[in-house]
Amino acid sequence: NITVDDVRSLKSFFGFSAVDGGARVVIIDAADDMTGSAANALLKMLEEPPKNAFLFLISHQPAALLPTLRSRCRELRLSALSQDMVQQALTQAKIYLSEEQSPLITRLSAGSAGQAIRLAQLDGDALFNALISTLHTLPNLNQSAALKLAESFGGQANSERFDLLIDLIEYILGQTAKTSLIPLDPDAYPTALDQKLFTKLHKGPIGARKWALVQQDISQRMRHGKAVNLDPVTLILDMLFKIEKCAAAL
């Protein structure tokens, strides 16, 4: 939570002189996390804003904020970037993708330039394809392929690549749950292979709920395991076998 003391500490920040006479900027990320007392303290600040200062309130649920807070702010809605814009961002970052990489990475980025750069730098396309190929053997998981994938992360419990693996698994399971409710447009799939996988695991509303619960459980276990530095190979095998168990039960 963002507490009232956190908000009150802004007074001392605004008391400092801006460097070279420039503006002072505060980003509250996310405003949804403010306590009631913190929101009221911020409201007083917005009623009499400091001179030459900008406060950005990032909110994922603007309707849940105090109406008085919203009325004192100018709303700027931020939507996901188009695939073309993501590609432009990559080019500006001097990251150039092959014709095969480009459509996959831009789609997996979900409109985030930062995620696209991360995917490109960590060979996210190859990792995604390895995951899809391994899961394509469901409901009877190819254990040799599962072990090979898991062992490729030996000693990488705290690596960026392991974090990316968790993100990609969350994406795959989330897409599986969505596809179980409403089949997606063929153009929405990053590759033809994962379209076959999601369609294969399509199990209706009951399946959607089970896949969503598996996603939540695996995400929590993987992130907790990473936090306490558990063996990544064991974590990944446990994750894959949980997915296999869910697929076999549907």
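The values are calculated or read from the model by the stated rules, or taken from the named source; none is laboratory data. Since this is a predicted model, take the numbers as computed values, not measurements. With ideal geometry, Cβ positions are generated from the backbone for all residues, glycine too; neighbour counts draw on all protein chains shown. In case anyone asks, the SASA skips ligands and DNA or RNA and just uses the protein heavy atoms, side chains included. Shrake-Rupley method; radii C 1.70, N 1.55, O 1.52, S 1.80 Å.
Just to verify a result, which residue in the range 85-126, among those that are open to solvent by 60 Å² or more (accessible area, probe 1.4 Å) and among the basic types (Lys, Arg), is farthest from residue 167 (Cα to Cα)?
For the range 85-126, the residue satisfying everything is 94.
For the range 136-150, which residues satisfy the criterion of being in contact with a helix residue (DSSP H, G or I) (Cβ under 6 Å, 6 or more places away or on another chain) and either surrounded by 17 or more Cβ atoms within 10 Å (Cβ to Cβ) or in a helix (DSSP H, G or I) (or both)?
Passing the criteria: 138, 141, 145, 146, 149, 150.
Given (1) open to solvent by 10 Å² or more (accessible area, probe 1.4 Å); (2) closer than 23 Å to residue 211 by Cβ, identify the lone condition not met by residue 156.
Only one criterion in (1) open to solvent by 10 Å² or more (accessible area, probe 1.4 Å); (2) closer than 23 Å to residue 211 by Cβ is unmet by residue 156, namely (2).
For the subset of the range 1-38 comprising residues that are within 26 Å of the chain's Cα centre (by Cα) and open to solvent by 80 Å² or more (accessible area, probe 1.4 Å), which member is modelled with the lowest pLDDT?
Here the residue is 1.
Condition (residue is in contact with an Asp or Glu (Cβ under 9 Å, 6 or more places away or on another chain) and surrounded by fewer than 16 Cβ atoms within 10 Å (Cβ to Cβ)) applied to the range 50-59: is it met by at least one residue?
Checked the range 50-59: at least one residue is in contact with an Asp or Glu (Cβ under 9 Å, 6 or more places away or on another chain) and surrounded by fewer than 16 Cβ atoms within 10 Å (Cβ to Cβ).
Out of the residues in the range 75-84 that are loosely packed, with under 14 Cβ neighbours inside 10 Å and under 20 Å from residue 58 (Cβ atoms), state the one that is nearest to the chain's Cα centre (by Cα).
Here the answer is 80.
When the range 197-241 is examined, which residues are found to be touching a helix residue (DSSP H, G or I) at 6+ places or on another chain (Cβ under 8 Å) and acidic (Asp, Glu)?
217, 238
Show the residue pairs meeting these rules: Cβ distance below 7 Å; 6+ apart or different chains; first residue within the range 165-185 and modelled with pLDDT of 90 or more; second residue among the hydroxyl-bearing types (Ser, Thr, Tyr) and surrounded by fewer than 21 Cβ atoms within 10 Å (Cβ to Cβ).
From residues that are modelled with pLDDT of 90 or more, the pairs are 166/219; 170/219.
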